[in-house]
Amino acid sequence: FSDSEVLQQQLSYLLFVTFNIQVGMGYMGIDFLKEEQMRRNELIRMELVEGDAEQEGKKDPKKLEEKLEKQKKNASKFKRGTVPFIFLVALPYGAQIIGFGAMNMFAYKCVMDDMHRAVRLNELFDHDTRLVAMAVDSPTSPSAYATSMDKVISTTYDMFNRKLFSLPKLMLLPGVIVRQPMLMVQVFPFIFGSDLLKARLVAIMTTTIERLNKESKEIDAIRMKVEAFDMKNAELLQRSGQGATQFTQRRWQELTEAIQEKAIVAELLRRTKMFFAFLQRNFVFGALIDCALATLISIGKIAAADRFVFARAIEDAVDLVLMRSRAESELAEMDTEISKLQELADVWEKSKERNLLECHISPSESESRGISIRHLQYSRGTAMVRADHVNLEPGIYAVTGGNGSGKSTLFRVLMGCETNEKPIDLPSSIVMLTPEESLIPEDAVPENACRAPDDSCEPDEESKQDVVPKLSITMPSSDVVEISQTFYWPLYTRPIDWIYQCHLEDISDEKRHGMVRRVAEELHSLEFTQKLQTLSPDGNETDNSAAGGPALSPVDDTIARIIGDLEEEKEDWFNDLSGGQKSKVELVRKVFLNDECPKVLLIDETMAPLDPTSKSLVMSKIKSFCGGSVVLVIYHTDVGVGKQDEKDGKDAIVECVPSNNFFDHNIHVENHVLTTRPIC
């Protein structure tokens, strides 16, 4: 997910900072623990003195009075020592821990945030195929994957961080163990054994919990998508039939109950693990450590003030030796997150396998500036289309055919040419049936062999076995633009920024105003909005100019309102537009803002939502702006009838697409064959 050299440099820097800070804080911690233990020991001694005084007081009241007086003085001394301890020991230690810890945390956070961005932003948007692959092949969101990376980094770092902090305490043990080797035989085996058993049981429970959590999160990701989709289309759902709402409720209920069942089992196991670990640590593991400390104190190897320090040292030593088994629960959680990241890596690796077509671009000296298609055959679902020999010279083509005949799929095929400036991978649902390569070398084909099924010659049996059609798509240019049936629009974005696909606040005010006004004028030329008018008291229409301001012409007033809308950030501006307005915005954004029309323009039912007046304006603008381009428009309006000469000299009545002073040609899909036919 990240460059290996850069990551190595970051980790080396983090290790340097962490080692120096954690080892230093470890030594400071030893001194602080000794000071704190000495204060607590004084309290214990006061309690012992009080017990002895009571026993002696029964025999000699005078001695009782003396000891009680001495105890009061010790208590006063202890109280007076509290303030110096707070200001000279506790607060300086706390300030050092906070300061150095913050430095260490900053270095760690820098590395973790870089890896978080690598998963959630940098690598994800390295190529747009990764975003599509994640949406298609994975139910998990980018946020969840980034959280998994955070978990892996934090777990790994915390393990090493704790070991470095405990290193100074661990260095105290070798000298004691050398002087008391029998301690290793008498006590330590029980300490290690009990902790190993606890670690194994905790690991088993943790593995089960992580499996349940993973399954629950996968179902929850599906539920979130289902709920978001149903909420977005709530009105359509309401109009989808009598049982639509009940069906949706049942689906939501099944997903919710599946999540809750797994969550309950996971929570029960989590609580069991927590209480078991607490009991083992405090009443089994702690008791065994106390046995070791009692042995060391009894033989004078350590002082009472060192008890807490050596207790922590023994615990850290056990943690170091049994690091693998003790950390099994954490490693199990990390393994779950690593498996998620591996899934993401597999999805991204798969996305590198581009599913594009090997197309060609006409040489600049070629006379043909259109699209040439040879031996194309594709299928999608129930649709199958074949185009043996189709030439599309510059002009506007009406693409007709029944629903599901494969018209929109033709656009996807053309957008899949690797020669396009931005090729779009063919989805797995589109199957190319024509071989892209000949089965024999080109120079091995006999001169008299038929090279395609539509040639006028009859191939011999040997040619039939050796020669196959070869797919060939030649485009006039790499400048290919498609306007699809549905449009994407980002949330919480200023419309003008998305139209230009850049943040206009980064440029000068004068240039930005010119760019915004150009979009507004283009939209106004397509009657994007109706001119606001109000009725005067006498019943006449008056322009809606700003009150108290200079009167604007109707055109300027409309353009000013469009500019205001374009520069205002809204949650979902596009959703508030009508179907026709959305089409106009896309035509302006992808076509009319360019200096010239794209050489190939594919319009997939974009003009269907337009009212007659708007459709006439759009057609006229496309006709004048795209005169030298190949424009394919999927057309569903009723066809007319025309005449076509037959071989016997008689005229036959045939269906045809009316020109409407817009279309020049007609491409028709019928009986799984793509052919050209005249317009009316």
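The values are calculated or read from the model by the stated rules, or taken from the named source; none is laboratory data. Every value quoted in this text rests on a predicted model; they were computed, and no experiment measured them. As a convention, Cβ positions derive from the backbone with ideal geometry for all residues, glycine included, and neighbour counts pool all protein chains shown. Calculation scope for accessible area: heavy atoms of the full protein, side chains included, ligands and nucleic acids excluded. Shrake-Rupley method; radii C 1.70, N 1.55, O 1.52, S 1.80 Å.
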In sequence order, calculated HN-Hα J values of the range 560-577 (Karplus, 6.51, -1.76, 1.60; Hz; x Gly/Pro):
4, 5, 5, 4, x, 5, 5, 9, 9, 6, 9, 4, 8, 4, 5, 5, 7, 8
Calculate, for the range 188-317, the solvent-accessible area per residue in square angstrom, rolling a 1.4 angstrom probe over the heavy atoms of the protein chains.
61 Å²
Residues whose modelled amide H sits under 5 Å from the amide H of THR419, counting only those 5 or more places away in sequence or on another chain, are CYS359
Collect residues whose amide H, placed 1.01 Å from N in the peptide plane, falls under 5 Å from the amide H of ILE483; neighbours closer than 5 in sequence don't count.
LEU602, ILE603, ASP604
Take the alpha carbon gyration tensor of the range 1-41, find the square roots of its eigenvalues, order them as a ≥ b ≥ c, and report rounded if a/c is under 1.5; if not, report prolate when a/b exceeds b/c, else oblate.
prolate
So for each of 475-486, 420-431 I average, over its residues, the number of other beta carbons within 10 Å; can you give me the resulting order with the highest mean first?
475-486, 420-431
Kirkwood calc, the range 359-401, C-alpha pairs only, radius in angstrom 12.4 Å
³J(HN,Hα), Karplus 6.51/-1.76/1.60, whole Hz, each residue of the range 89-105, x for Gly, Pro:
10, 5, 5, x, 5, x, 5, 5, 4, 5, x, 5, x, 5, 4, 5, 5
Phi-based couplings in Hz for the range 480-494 (Karplus 6.51, -1.76, 1.60; Gly and Pro marked x):
10, 10, 10, 10, 7, 6, 10, 10, 9, 9, x, 7, 6, 9, 5
Pseudo-spin-label distance SER428 to GLU235, built 7 Å along Cα→Cβ, given in nm, is 3.5 nm
Highest-first arrangement of 197-207, 349-359, where packing means the average Cβ count within 10 Å:
197-207, 349-359
